[in-house]
């Protein structure tokens with residue numbers, strides 16, 4: 001159910017934005033027909049996608065909240081309430097809360113918040129929107145699975161995504177790729193159709209634009225997933241310079257053991273949870289946002305820390 005909810009949220013947000021952008025372009029064409037000329041397409045692709053991305057960022061926190069039903073640890077009283085509600089070791093939440101406060105003071109951050117959500121998957125992620133909000137989110141099962149030393153590495157790993165501006169670089173990459181998606185889709189649709197005397201040309205043009213946008217968006221998703229896997233390696237390496245890397249390896253090995261015991265099956269192949277696909281020789285691996293755990297462990301073992 002959690003996997004289906006994740007896929008549904010991902011598809012609804014991204015596909016609806018693609019359709020919304022296309023409709024905006026066609027509305028503009030009613031008032032200014034020259035919007036469809038190749039000279040103006042690039043400019044409008046940049047403007048429209050910038051607006052759409054800004055809206056996507058604004059609503060993304062609500063999508064995350066709907067998807068995971070996360071709870072904010074604002075003060076010590078929240079620690080007690082959530083530990084009682086979810087049957088989690090209160091000391092572990094308190095430990096993360098205090099360590100995050102130490103990080104905020106050390107690196108001059110004031111708006112990083114600790115959030116907890118109930119889930120059987122051991123997971124943690126960093127989520128933020130420029131300077132608006134910064135969240136580090138832990139699942140209940142990762143708190144149950146790991147000890148404090150291992151949780152500290154997880155905290156460092158997620159904090160590194162914020163400190164190294166990974167989300168910003170990912171957003172810029174997505175903006176660039178999506179502008180390309182919008183622009184090239186319309187160029188190809190315009191090459192196939194033409195605004196001549198045929199009153200139905202714009203319907204075919206509209207359909208082709210939607211089809212091309214979805215196809216190119218899939219290709220762009222492969223690029224962003226590849227970049228996401230690279231930044232996971234970098235976050236591991238950054239964390240290893242701060243914390244004892246052996247504890248990081250032990251934490252990853254715990255996750256690896258959990259995945260081996262809790263995999264799902266697709267076409268007679270074992271596949272891990274959504275967007276962290278960790279199966280051999282699957283086309284789906286192109287869309288994995290995280291590298292295989294064995295690759296991350298190997299990278300840490302080979303990492304030479306001075």
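Bear in mind that the values in this text are calculations on the coordinates, not laboratory data. Because the structure is predicted, anything quoted here is derived from the model rather than measured. All Cβ positions, glycine included, derive from the backbone under ideal geometry; neighbour counts span all protein chains shown.
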Order of 157, 290 under a 10 Å beta carbon neighbour criterion, fewest first: 290, 157
Proxy reagent accessibility, fewest Cβ within 10 Å first, across 248, 146: 146, 248
Ranking of 167, 19 by count of other Cβ atoms within 10 Å, fewest first: 19, 167
Rounded if a/c under 1.5, otherwise prolate or oblate - the range 212-264, Cα gyration tensor axes: oblate
Computed lengthening from residue 260 to residue 94, 0.36 nm per intervening residue step minus Cα-Cα distance: 56.8 nm
